[in-house]
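Asker: This is the structure, below, for whatever I ask next.
The values are calculated or read from the model by the stated rules, or taken from the named source; none is laboratory data. Predicted model only: the values in this text are computed from it and were never measured. Here the Cβ is made from the backbone with ideal geometry for all residues, glycine too, and neighbour counts use every protein chain on show. Side chains are part of the model used for accessible areas, which takes the heavy atoms of the whole protein and leaves out ligands, DNA and RNA. Shrake-Rupley method; radii C 1.70, N 1.55, O 1.52, S 1.80 Å.
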Amino acid sequence: MPDYRLSDEQEEFRRTVEDFARAVVAPTAFEYDERREFPYDVVKQMGEMGLFGLPFPEEYGGMGGDYFALCLAIEELARADSSVAITLEAAVSLGAMPVHRFGTEAQKRQWLPSLCAGAALGAFGLTEPGGGSDAGATRTTARLEDGEWVLNGTKAFITNAGTDLTRLITVAAVTGELAGGRKEISSILVPVPRQGFSASKKYSKVGWHASDTRELSFADCRVPAENLLGGRGRGYANFLSTLDEGRIAFAALGVGLAQGCLDESVRYAGQREAFGRTIGSYQAIQFKIADMETRTHLARLAYYDAAARMLAGKPFKKEAAIAKLFSSDAAVTNAREATQIFGGYGFMNEFPVARHWRDAKVLEIGEGTSEVQRMLIARELGVG
Ligand SMILES: Cc1cc2nc3c(=O)[nH]c(=O)nc-3n(C[C@H](O)[C@H](O)[C@H](O)COP(=O)(O)OP(=O)(O)OC[C@H]3O[C@@H](n4cnc5c(N)ncnc54)[C@H](O)[C@@H]3O)c2cc1C
């Protein structure tokens, strides 16, 4: 029988992150969001707790935990603030994980200790201004010249790309042409700051205000030949597998946001009065809350299942896509319902549900849109 209850150790860890999120993340979330400021102080404390090293071996400075522990942490952080949660998600599952999965021993020794400590942040440069869903259409190039890769091109919407802590960008680039005219795509590690590399100013976004998102440019940016990650021509396969895993963590983020909306709604429904009774005494509100709990519960089971399959070494591509698709939908719907329950206060930024509402939409876009998840699920079923 499948059993998705947390072990005592997992529950203790989840509670530790929940306490941190309540004590440190939640009280500052409004200020950072309002000022659109990267939460260096919070990130520093997360580094000290070991959150950036959760799924990595101790020999590289990690905590020796697993990917599920990372998901639990992301869920608890997102319950309080999605900007902080995506900062961790992108840094670990997109920034450091490719080095761990595909790096040489020397690359792991060079990068993982500082990434695990949260002293350095890594970013994942795949999307380009011309398109993100069709990742094979990458235009950024890297050509080998005198023992160096010379990169040219632009990447769009890259998370953690321009903070004071950003030290590494893993760039997907065309490194040649294969038989039949197909592009040979490889991943190149670009240490930053660096000549020929520039990050734009932060985008003005709808949500995730305290998360750092920028456009990146490479103009004859040179890195040593040994900065190739995971073999020449392996870039496409490697970033697809990075994204498969990442979707589970991203689903956890959606569950956290959905749960945060539920927490706020239950509390408010028991306090706010209208027509002489608490609004929670009305069935219309009760049903909204019951549906929010149902969505959150199912989305959580979906990501637990995908993570369990992944950790057991079983195929998990379809389950990760299902979890990501369902969880982002649950988050968006819960955020809309929570703002409705809060009435006018739900439209005021100092109320967390307003922030959750602005932060939710991107969950249907980032790390593969909902349409892309449906394409993946159908393809796994042999359709299309
Ligand atoms: C805040 C934020 C942070 C991000 N962080 C990162 C990051 O760290 N690294 C990174 O590489 N990327 C990042 N992204 C980019 C993100 O992954 C892309 O935005 C996403 O993959 C979609 O690509 P696109 O925006 O180019 O949309 P497009 O690919 O242009 O798609 C536009 C629309 O067309 C739909 N569509 C496309 N193809 C099909 C099809 N075949 N069938 C049906 N519908 C289709 C899409 O679903 C979408 O609705 C981030 C984005 C945001 C907004």
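Asker: Can you check what the net charge comes to around P193, using other residues whose Cβ is under 14 Å from the Cβ of P193 (Lys, Arg +1; Asp, Glu -1)?
Answerer: Here the charged neighbours net out to +3.
Asker: Could you report the accessible area of E31 in Å², rounded to 10, computed with a 1.4 Å probe on the protein chains as they sit in the structure?
Answerer: 90
Asker: Could you give the dipole magnitude of segment 249-342 about its Cα centre, charging the beta-carbon of Lys and Arg +1 and that of Asp and Glu -1, in debye to the nearest 20?
Answerer: The dipole of segment 249-342 has a size of about 260 debye.
Asker: Set the bar at 21 Å for Cα to Cα. Now go through K155/K202; K44/K205; K288/K361; K324/K361; K44/K324 and name every pair that lies beyond it.
Answerer: Details: K155/K202 13 Å; K44/K205 24 Å; K288/K361 19 Å; K324/K361 13 Å; K44/K324 28 Å.
Where the Cα-Cα span goes over 21 Å, the pairs concerned are K44/K205; K44/K324.
Asker: What residue among A321, A69, A91 has the largest mean-square fluctuation in a Gaussian network model of the chain, using Cα springs under 10 Å?
Answerer: A69
Asker: If you don't mind, another one. How long are the three semi-axes of the equivalent ellipsoid of segment 180-257, in whole Å, if each is the root of 5 times an eigenvalue of the C-alpha gyration tensor, listed from largest down?
Answerer: Its equivalent ellipsoid spans semi-axes of 27, 21, 11 Å.
Asker: Given the -39500 (n - 2.57) contribution per DSSP H run of 4+ residues, what per-residue ellipticity at 222 nm results for the chain, rounded to the nearest 500 deg cm²/dmol?
Answerer: On the way: 12 runs with 185 residues, N = 384.
Per the formula, -16000 deg cm²/dmol.
Asker: On average, how much accessible surface per residue is there in the chain, in Å², for a 1.4 Å probe, leaving out ligands, DNA and RNA?
Answerer: Heavy-atom SASA per residue in the chain reads 44 Å².
Asker: Okay, next question. Over segment 262-312, what per residue volume does the convex hull of the Cα atoms give, in whole Å³?
Answerer: Per residue, the Cα convex hull of segment 262-312 comes to 53 Å³.
Asker: Quick check: from the Cα gyration tensor, does segment 30-87 come out rounded (a/c under 1.5), prolate or oblate?
Answerer: oblate
Asker: Put K201, K318, K324, K44 in order of accessible area, largest first, 1.4 Å probe: what do you get?
Answerer: K201, K44, K318, K324
Asker: Considering the alpha-carbon set of segment 141-211 alone, what are its Rg and its Dmax in angstrom?
Answerer: In Å, with Rg to one decimal and Dmax whole: 14.6, 44.
Asker: To two decimal places, what compactness ratio does segment 315-382 give when its Cα radius of gyration is scaled by 2.2 N^0.38 Å?
Answerer: Segment 315-382 yields a ratio of 1.34.
Asker: Turning to a different aspect of this structure: Whenever you get a sec, compute what percent of the accessible area on the chain sits on carbon and sulfur atoms (1.4 Å probe). Present the calculation step by step, with values, prior to reporting the outcome.
Answerer: Numbers: 8930 of 16750 Å².
Answer for the chain is 53 percent, counting heavy atoms of protein chains only.
Asker: Taking the full set of protein chains and a 1.4 angstrom probe, give the accessible area of D263 in square angstrom, rounded to the nearest 10.
Answerer: 50
Asker: When the dipole is taken about the Cα centre of segment 116-187, and only Lys, Arg (+1) and Asp, Glu (-1) are charged at their Cβ, what size is it in debye, to the nearest 20?
Answerer: It works out to roughly 180 debye.
Asker: State the Cα centre-to-centre distance between segment 157-188 and segment 343-360 in whole Å.
Answerer: 36
Asker: Work out, in µm²/s and without decimals, the Stokes-Einstein translational diffusion coefficient of segment 257-384 at 25 °C, 0.890 mPa s, Rh from Kirkwood over C-alpha pairs.
Answerer: 156
Asker: Any idea what % of Cα-Cα pairs in segment 135-283 are farther than 26 Å? Don't skip to the answer; put the middle values down first.
Answerer: Details: 4790 of 11026 pairs.
Counting pairs separated by more than 26 Å, the tail of P(r) holds 43 percent.
Asker: Could you work out the per residue convex hull volume over the alpha carbons of the chain, in cubic angstrom?
Answerer: It is 145 Å³ per residue.
Asker: With helices defined as uninterrupted DSSP H runs, which ones in the chain have an alpha carbon span along their own long axis of at least 20 Å and mean Kyte-Doolittle hydropathy of at least -0.5?
Answerer: 67-80, 235-271, 283-311, 317-341
Asker: In bins 5 Å wide, starting from 0, what share of all Cα pairs of segment 76-187 does each bin hold, as a percent?
Answerer: The percentages, shortest bin first, are 2, 11, 18, 20, 21, 15, 7, 3, 2, 1.
Asker: Next question. Around S114, under 12 Å between beta carbons, what's the net of Lys plus Arg minus Asp minus Glu among the other residues?
Answerer: +3
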